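See below for the structure under consideration.
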Ligand code: MD6
Ligand code: FE
């Protein structure tokens, strides 16, 4: 890494390489994606060019504050009819863009590092957070096999991950997620409630005021 690059990303480095345990089968791998950003970023632009980020509507009829898109065989969608995975983009009718090789490799490697070997994600949800955007506490339960973990990659400005228990009312820990961090949860922790606190104004050299999240799952 040259001195300019080192300086640009110095804010992201203090924890890099460490692990923050969240539960018996949940961990944040600090900085795990940092060395891969140069491959992830242009691949992300290609995905967004073909399947633009858009604000979906919740089953309750509200626009989500976080616009999303997908790549891979299946994509997570929300509408008045509910949450579901589907093989086509509801806006265009086209199949979702294929999952870039750099995405798939990162998801597999992070899952293995967290103890989940042979993870084969077929869905990658991409979320874009701007200041004030948030995700309320929820469980991920639209997938077929809860034996498969979830891998969640953070890029850009910091977020506070709300990490709850197995019941909605359980107290949620507040865990910072920084550029390059990868959270993995599965097994006994697969159905833990989680969310993202409202994003604060900040600046990042790669993303400006934004946080980008990729969430990988084996959905089908
Ligand atoms: C995140 N996203 O954006 C975590 N779950 O950091 C999620 O947990 C999530 O964006 C289910 C459906 C959509 C999501
Ligand atoms: Fe989730």
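Each reported figure results from applying straightforward, stated rules to the coordinates on display, with no laboratory input. It should be emphasised that the depicted structure is a prediction, and the values quoted were computed from it without experimental measurement. Glycine gets a Cβ as well: all are built from the backbone with ideal geometry, and neighbour counts include every protein chain shown.
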Check your understanding: DSSP beta bridges in segment 41-173, what fraction antiparallel, as a percent rounded to 5?
Key -> 95
Review point. Rounded to a whole number, what is D in µm²/s for the chain from Stokes-Einstein with the Kirkwood radius over alpha-carbon pairs (25 °C, 0.890 mPa s)?
Key: 140
Review point. For a label point 7 angstrom out from the Cα of residue 209 toward its Cβ, which stretches of segment 133-153 have the backbone nitrogen within less than 13 Å?
Key: 133
Study note, to complete from the structure: The alpha-carbon center of segment 37-75 and that of segment 154-206 are separated, in whole Å, by 18
